[in-house]
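S.K.: Here it is: the structure, laid out below.
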Number of protein chains: 2
Amino acid sequence: MRLNHAELLTRFRRHAVRLTRQRAAIYTALAETTSHPTADDLYQTVKRQHPMMSRNTVYYTLGVLQQAGLVQEVNVGHEVARFDGNVTVHHHLICLGCRQIVDVMDEGLNQLAVSNGQARGFRILGHRVEFHGYCAGCQRGKLDVP
Amino acid sequence: MRLNHAELLTRFRRHAVRLTRQRAAIYTALAETTSHPTADDLYQTVKRQHPMMSRNTVYYTLGVLQQAGLVQEVNVGHEVARFDGNVTVHHHLICLGCRQIVDVMDEGLNQLAVSNGQARGFRILGHRVEFHGYCAGCQRGKLDVP
DNA sequence: ATGCTATGTAGGAATCATTCCTAGGTAGGG
DNA sequence: CCCTACCTAGGAATGATTCCTACATAGCAT
Ligand SMILES: [Mn+2]
Ligand SMILES: [Mn+2]
Ligand SMILES: [Zn+2]
Ligand SMILES: [Zn+2]
């Protein structure tokens, strides 16, 4: 998805976030990929155009964008944090071999609920589904998938 | 759930794990609670009966038990690791206020699948569902749940 | 029972993603 | 165009987890 400066400005204004060169670069890099990169992946990408960029700015900016709802964090187990520029409701497929994360858009999964008997008085605001398995490429490598 | 020594020995033998005093203490503490404690919670609990217990032994043992399938790790976002002595298939309710984790046993949730169109060639081995919300206690504290 | 050896344990050091601190720098409302 | 609230860069600090290593022990074989 190509993001021009006008669209960028619109989104940042809508979420009341100040737009800077660094933020534009970080957000654009994230919004234009579906690979769920780590903070360091983004730092490496963005540094090519902005050699002075600090790793700290990447972390700080991701925090700001996340609180504003422009970005979300997608953590898999205890691995390093992964980020997602797609903030629509969706779920993920995780490859146990290469650790890639693939989006799953499925209206059925968005409708899950806990039966009242199990809800224990919780007020539920959302949910998250992760499917674990092996991608096509990783299945070829190892015939006996555990 | 009360766990006697004979039952403990049976479980460890079945999973081919050597039984020691430390492992018995750690596993018992975890299997007898439904609170999904952290490694440090377990260390603090077990240290009361075993003052010489090392924190490292707790981590190492949890790793061994996990690989053997006697224990599982339940991570919420990027918080410290939480452990679960319940290795049957089940899912979780997570309180955004007090961070407690509550078990959800629901046969319907165990049957989820990804439509072929979305599976992208993955061979899926399992899935995990997390519901996020506020527990009864945390709802009372703050009238405007976000 | 006793001894052997693979395996486990304790304690301390090391790791490393993330957060904290602080002294400049800059976006953008007025 | 000018303030100033907010941002950035760089370095230090943090803290859960892992690594290292010398000593201890469970469980098998004698
Ligand atoms: Mn995604
Ligand atoms: Mn559980
Ligand atoms: Zn893969
Ligand atoms: Zn709560």
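S.K.: Among (1) in contact (Cβ under 8 Å) with a residue 24 or more places away in the chain; (2) crowded, with 19+ Cβ neighbours inside 10 Å, where does residue B:109 come up short?
M.R.: So residue B:109 meets the others, but not (1).
S.K.: Would you mind stating whether residue A:73 is away from every other protein chain (no Cβ under 14 Å), open to solvent by 30 Å² or more (accessible area, probe 1.4 Å) and either under 26 Å from residue B:90 (Cβ atoms) or out of contact with any Pro (no Cβ under 8 Å at 6 or more places or on another chain) (or both)?
M.R.: Taking the combined requirement at face value, the residue does not satisfy it.
S.K.: Which condition from (1) more than 16 Å from ligand 4 (Cβ to nearest atom); (2) in contact with a helix residue (DSSP H, G or I) (Cβ under 8 Å, 6 or more places away or on another chain); (3) open to solvent by 70 Å² or more (accessible area, probe 1.4 Å); (4) not assigned by TED's automatic domain parsing to the domain that holds residue A:20 is the one that residue A:123 breaks?
M.R.: (1)
S.K.: If you check A:132, A:78, which single one turns out to be touching a residue at least 24 places away in the same chain (Cβ under 8 Å) and within 9 Å of chain B (Cβ to nearest Cβ)?
M.R.: Within the list A:132, A:78, the selection yields A:132.
S.K.: May I ask you to verify whether residue B:62 is assigned by TED's automatic domain parsing to the domain that holds residue B:41 and either within 16 Å of ligand 4 (Cβ to nearest atom) or open to solvent by less than 40 Å² (accessible area, probe 1.4 Å) (or both)?
M.R.: So residue B:62 passes the test.
S.K.: Applying the selection to the range A:1-49, what residues are among the charged types (D, E, K, R), more than 18 Å from the chain's Cα centre (by Cα) and in a helix (DSSP H, G or I)?
M.R.: Passing the criteria: A:7, A:13, A:14, A:21, A:47, A:48.
S.K.: Here is a list: B:28, B:88, B:33. Which entry is loosely packed, with under 14 Cβ neighbours inside 10 Å, out of contact with any Phe, Trp or Tyr (no Cβ under 6 Å at 6 or more places or on another chain) and hydroxyl-bearing (Ser, Thr, Tyr)?
M.R.: One residue alone meets the criteria, B:88.
S.K.: If you scan the range A:93-129, which residues turn out to be more than 10 Å from every other protein chain (Cβ to nearest Cβ) and touching a Phe, Trp or Tyr at 6+ places or on another chain (Cβ under 8 Å)?
M.R.: The one that is more than 10 Å from every other protein chain (Cβ to nearest Cβ) and touching a Phe, Trp or Tyr at 6+ places or on another chain (Cβ under 8 Å): A:97.
S.K.: From (1) within 16 Å of ligand 1 (Cβ to nearest atom); (2) under 11 Å from the mean Cα position of the chain (by Cα), pick out the condition that doesn't hold for residue B:77.
M.R.: Going through (1) within 16 Å of ligand 1 (Cβ to nearest atom); (2) under 11 Å from the mean Cα position of the chain (by Cα) one by one, residue B:77 breaks only (2).
S.K.: Can you tell which of B:113, B:24, B:29 is within 30 Å of residue A:123 (Cβ to Cβ) and among the small types (Gly, Ala, Ser)?
M.R.: Of B:113, B:24, B:29, the one residue that is within 30 Å of residue A:123 (Cβ to Cβ) and among the small types (Gly, Ala, Ser) is B:113.
S.K.: For the condition over 26 Å from residue B:113 (Cβ atoms), crowded, with 17+ Cβ neighbours inside 10 Å and of a type in the set (Lys, Arg), what is the one hit in A:23, A:55, A:48?
M.R.: The match here is A:23.
S.K.: Do the conditions hold for residue B:43, that is, is it farther than 15 Å from residue A:129 by Cβ and either more than 16 Å from ligand 4 (Cβ to nearest atom) or surrounded by fewer than 19 Cβ atoms within 10 Å (Cβ to Cβ) (or both)?
M.R.: Taking the combined requirement at face value, the residue satisfies it.
The values are calculated or read from the model by the stated rules, or taken from the named source; none is laboratory data. These figures come from a predicted structure and were not determined experimentally. Positions of Cβ are backbone-derived with ideal geometry, glycine not excepted, and every protein chain shown enters the neighbour counts. Note: accessible area is taken over every heavy atom of the protein model, side chains too, but ligands, DNA and RNA are not part of it. Shrake-Rupley method; radii C 1.70, N 1.55, O 1.52, S 1.80 Å.
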